Each structure stands twice: as structure tokens, then as C-alpha cells.
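Only one structure is covered here, and it is reproduced in the block below.
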Amino acid sequence: MSTADIGLIGLAVMGSNLALNIAEKGYTVAVHNRSPGRIDEFVAEAKAQGLDGKTIPKYDLADFVQTVKAPRSIIIMVKAGKPVDDMIEQLLPHLEPGDAIIECGNSLFTDTQRRFDYLKPKNIGYLGVGVSGGEEGARHGPSIMVGGSKEQWHNAEAVLTAIAAKFNGESCCAYLGEGGAGHFVKTIHNGIEYGDMQMIAEVYGVMRDGLGMTAKECAAVFKKWNEGPLNSYLIEITGHVLDAVDAESGKPLVDLILDKAGQKGTGVWSAIAAQQMGVPATAIEGAVAARSISSRKDERVAAEAVYGKPNRAKTDVTLEDLEKALLAGKIVSYAQGFAVIAKASEENGWALPLATIAKIWRAGCIIRSRFLDQMSSAYAKGEATNLLVVPDFVTIMKDSHPSLRKVVAAAAVGEFPMICLSAALSYFDSYRQAQGTANLIQGQRDFFGAHGFEIVGRGTDLHGTWPSTLGK
Ligand code: 6PG
């Protein structure tokens with residue numbers, strides 16, 4: 001008998017939390033997992049949370065599919081990559097025209113587009129959905145970025161809207177565009193997430209090694225910042241991470257954690273997408289590079305032995321400078337991220353709604369922050385796509401870029417790495433200057449390759465008369 005409103009396959013932490021969230025919102029969810037043991041564990045969890053009445057465990061795939069009301073919406077929450085393709089193939093024989101697969105992992109948007117194109121002629125809908133907010137978010141309200149088959153989106157709309165986080169009563173779930181649009185937006189969300197995290201880490205480095213602050217003192221500062229313009233989930237959790245004490249040693253936990261950051265690929269994908277479309281996203285690229293450098297611990301240890309310890313004389317940078325620098329850096333990073341989204345929208349014909357994207361990032365997701373509300377209003381007014389020229393943000397940048405400058409300059413002198421914040425500052429300085437230096441690049445290109453240049457008033461594709469350097 002078909003009694004479930006929706007089906008969900010893949011009961012690892014994210015999948016089971018999503019299923020419990022769906023059940024809690026009053027929808028009946030059929031669940032399935034490759035290993036039956038995990039289904040048993042889920043059943044116990046659902047029972048413990050009083051949600052067993054709304055969950056239907058199914059050990060057989062065909063039986064599972066039959067349990068879901070047609071036209072079916074079936075969420076798959078398996079590892080990105082081949083497991084998704086395998087799952088699609090396993091499901092296909094059991095599906096009927098009009099049904100939809102809703103893939104909620106961190107998939108590469110081009111894979112999502114390919115799967116969407118593959119299933120379309122079979123009349124099977126494919127929704128590539130970005131879900132942000134980690135385990136907690138999945139259970140209590142994530143931000144949900146939907147892309148893919150619009151018709152089938154409407155079948156799942158009520159459930160997905162209900163389980164998403166709410167900001168001032170508005171659901172942080174929206175349909176953004178066809179094909180890979182949802183996963184593309186999630187990828188850029190993660191690129192911005194990398195930028196935010198790296199900039200916070202760079203500022204923490206100055207606090208710890210320049211201002212000589214303890215982890216506890218740093219925690220207090222982040223907690224205070226969380227009450228101001230930097231208010232955001234990442235600033236909030238930074239306060240908690242810095243505050244945590246290791247039970248075994250009694251020392252601040254953060255001081256014991258090895259300084260090697262992991263990454264699963266979405267940051268790299270966003271940097272690649274930006275580069276491929278010719279959109280500068282230096283803050284995101286810097287953040288990805290910083291993670292890669294961090295992971296080369298042995299090389300760093302060896303290089304420090306060669307150059308000696310960084311000469312970190314006490315800095316005259318203040319906490320207020322650091323707060324403003326972070327704000328300015330963050331605005332540049334978001335400006336870059338949104339510019340990447342705008343360009344992808346144009347190239348793929350997605351018509352991505354920038355105001356809506358900023359809106360559904362206001363709650364639930366990892367980059368949720370106070371200023372996303374301001375950003376969504378700016379985009380709703382149809383102001384320029386680059387935030388750096390949107391009036392409200394111009395005001396903030398005018399007030400904060402001198403601090404970013406001071407912090408980056410002090411970091412250079414004090415031998416602090418600032419890949420991300422310095423990239424943000426250089427982008428800002430490049431973007432806001434009418435006269436750059438690419439005239440020289442054009443001259444060089446013409447010199448060695450006759451690539452041509454433009455002289456205003458005289459024409460394009462002009463050439464210089466250059467001396468020969470051969471035989472010298
Ligand atoms: C989110 C997160 C989540 C996850 C990423 C980042 O929005 O909930 O972005 O998707 O944390 O996979 O992971 P890495 O830092 O390991 O790349």
C-alpha cells in the first residue's frame with residue numbers, strides 16, 4: 001500500500017536526520033538503506049524520538065518504492081560520485097513516469113546536470129538539492145537550495161519547505177533553476193564558507209601570535225563580535241571552539257588540535273567554476289590554497305627550519321581593526337561569490353534569483369549571517385550584481401577597508417600569512433581603480449605574440465613596432 005508522502009534512501013547521519021525532520025513535520029516518510037543494520041538503528045532512533053508512527057522502514061528496494069505515493073518523490077542521500085549513479089540505476093526499474101529522484105548530497109553540479117539530462121527523456125524528474133547546515137541543520141532546519149525538474153519540485157515542495165529553517169517565518173528553501181542550478185549554488189555557498197572560515201582563522205592568528213591572547217580571551221572577543229555586524233553562525237561557533245577545554249589535559253582544546261585542515265572538494269569546485277567563467281574569486285581561491293598549505297605540515301616544519309621562526313613582533317593592530325577587517329574581507333568574498341553565481345546563471349540560462357539565494361542563506365546554513373538580510377534587500381531592489389557598488393555595502397566598505405588595509409599591512413610586516421584577507425584587499429583595490437596596469441601586459445603580449453592592443457580613439461587590434469631581442 002502506498003502510504004508514504006516521500007521516500008528517503010541513505011540513513012547515514014545526514015539522511016537519518018532529514019528523515020526524522022520530515023517525520024517531525026507530520027509527513028510520513030518511507031526509509032531504506034543498503035545495509036539493513038542501519039535501518040534497524042534508525043527504527044530505534046525514531047522510536048526514541050516518538051517519531052516511529054511517521055516512519056516506514058523498508059528493507060527491500062522494490063517494496064520501498066511501492067510504499068511511496070505516486071507521483072513519487074524519493075530523496076537519495078548517499079556519497080557523492082559513483083554511488084549516486086549506482087543508486088539511480090537501481091531505482092530506475094522501479095520508478096514510473098512522473099516520479100522524481102531528489103539527490104541531496106554535495107554533488108558536482110555538472111554531474112547533476114548530466115543526471116538530469118539522462119532522466120528527462122525517461123520522464124523521470126531529477127532534483128539536485130543543496131542542503132546546508134550540517135547534522136543539526138538536517139535534523140532541525142537546513143537551508144535548502146533546489147535545482148532541477150520544476151514540475152516534480154512542486155510535488156515535493158510542501159515537504160521540503162516544511163523541513164527547512166525559517167527566517168522571520170519565511171522558509172529557507174527555494175527552487176532556484178533547472179538542471180544543476182541547486183548544486184551549483186550550494187557549491188558556491190561552500191566556497192564562501194571556506195572564505196569566511198579562513199578569514200576568521202587569519203584574524204585568530206594575529207590575536208594569538210601578535211596580540212598574545214589566550215584561546216579563552218579570543219573566545220570572549222568572538223562572542224562579543226557575534227553581537228555586532230559580524231553576527232553569524234561561523235563567528236558564534238568560533239567562540240565555542242575557542243572556549244572548549246580538553247578534559248584530559250585541562251588545556252584549551254584548540255591549542256591541541258593539529259593545524260591541518262581537511263577538504264572534501266566543494267571549495268575547489270567553486271574556485272574552478274569561477275576560473276572557468278573568468279570571474280575573479282580570489283578570496284575563495286585563497287581559502288582553498290590555505291587549506292592545501294595547511295595540510296602540508298611536514299613541508300612547513302622543514303621550511304621553518306630553513307627560514308627560522310616568523311619574526312612576530314607585537315603588532316599595533318587593535319581588536320576593532322580586526323573586526324572591521326573581517327567585515328570588509330567578508331563583503332569582498334560574498335561579492336565575489338555572488339558574481340560567480342550571476343555569471344553561471346547567464347552562461348547556463350538558469351535565471352538564478354540572487355535576492356532569493358541571499359534570503360534562503362539567512363538561516364539554517366553554515367554561512368548564515370546578519371548581513372545576508374541586507375544583501376537580499378539590496379538584490380531585491382535590483383541593485384548592481386557586484387556588492388561592492390551596492391549603496392549599503394559601499395557605506396560599510398568605506399568605513400571598513402582602511403582597517404583591512406591596516407591589518408594586511410601589519411600582517412605583511414609581522415610575517416603573518418593572510419592569503420585570504422590580502423586577496424580580498426587586492427581584489428578591492430583592483431576593482432575600484434579606473435586606471436590599472438594591464439596596458440603594460442597588453443604591450444608585452446603584443447611584443448612577443450602580436451596579440452594586439454587598443455588605443456582609445458585610434459582603434460583596436462593595433463600593434464607596436466618592437467625591437468628584436470633575437471641573438472642578444
Ligand atoms: C554545509 C557544509 C557541509 C560540509 C561541507 C564542507 O553547508 O552544511 O558545507 O556541506 O561541511 O562538506 O566540507 P569540507 O570542509 O570538508 O570541504
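The values are calculated or read from the model by the stated rules, or taken from the named source; none is laboratory data. Given the structure is predicted, the values throughout are model-derived calculations rather than measurements. Because the Cβ atoms are built from the backbone with ideal geometry, glycine has one as well, and the counts that use them run over all protein chains shown.
Key figures for this structure:
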| item | result |
| --- | --- |
| Within segment 245-273, considering residues that are part of a helix (DSSP H, G or I) and away from the ligand (no atom under 16 Å from the Cβ), the one farthest from residue 297 (Cα to Cα) | 253 |
| Candidate set: segment 371-411, residues that are part of a helix (DSSP H, G or I) and hydroxyl-bearing (Ser, Thr, Tyr); chosen: the one surrounded by the fewest Cβ atoms within 10 Å (Cβ to Cβ) | 395 |
| Selection within segment 195-244 - within 17 Å of residue 331 (Cβ to Cβ), over 21 Å from the mean Cα position of the chain (by Cα) and part of a helix (DSSP H, G or I) | 225 |
| Residues of segment 212-243 satisfying the condition of being surrounded by 14 or more Cβ atoms within 10 Å (Cβ to Cβ), of a type in the set (Gly, Ala, Ser) and farther than 21 Å from residue 368 by Cα | 215 |
| Segment 137-168: number of residues that are away from the ligand (no atom under 16 Å from the Cβ) and basic (Lys, Arg) | 2 |
| Count of residues meeting criterion [assigned to a helix (DSSP H, G or I) and either within 12 Å of the ligand (Cβ to nearest atom) or of a type in the set (Ser, Thr, Tyr) (or both)] in segment 175-194 | 11 |
| Where residue 422 falls short, out of the listed (1) in contact with a Gly (Cβ under 9 Å, 6 or more places away or on another chain); (2) within 16 Å of the ligand (Cβ to nearest atom) | (2) |
| Residue within segment 206-219 that is in contact (Cβ under 8 Å) with a residue 60 or more places away in the chain, within 16 Å of the ligand (Cβ to nearest atom) and of a type outside the set (A, V, I, L, M) present | no |
| Sole residue being within 21 Å of residue 414 (Cβ to Cβ), assigned by TED's automatic domain parsing to the domain that holds residue 409 and of a type in the set (S, T, N, Q), chosen from 282, 238, 214 | 214 |
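Yes/no matrix, rows are residues, columns are (1) of a type in the set (D, E, K, R); (2) in contact (Cβ under 8 Å) with a residue 12 or more places away in the chain:
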| position | (1), (2) |
| --- | --- |
| 283 | no, yes |
| 303 | no, no |
| 307 | no, no |
| 312 | yes, yes |
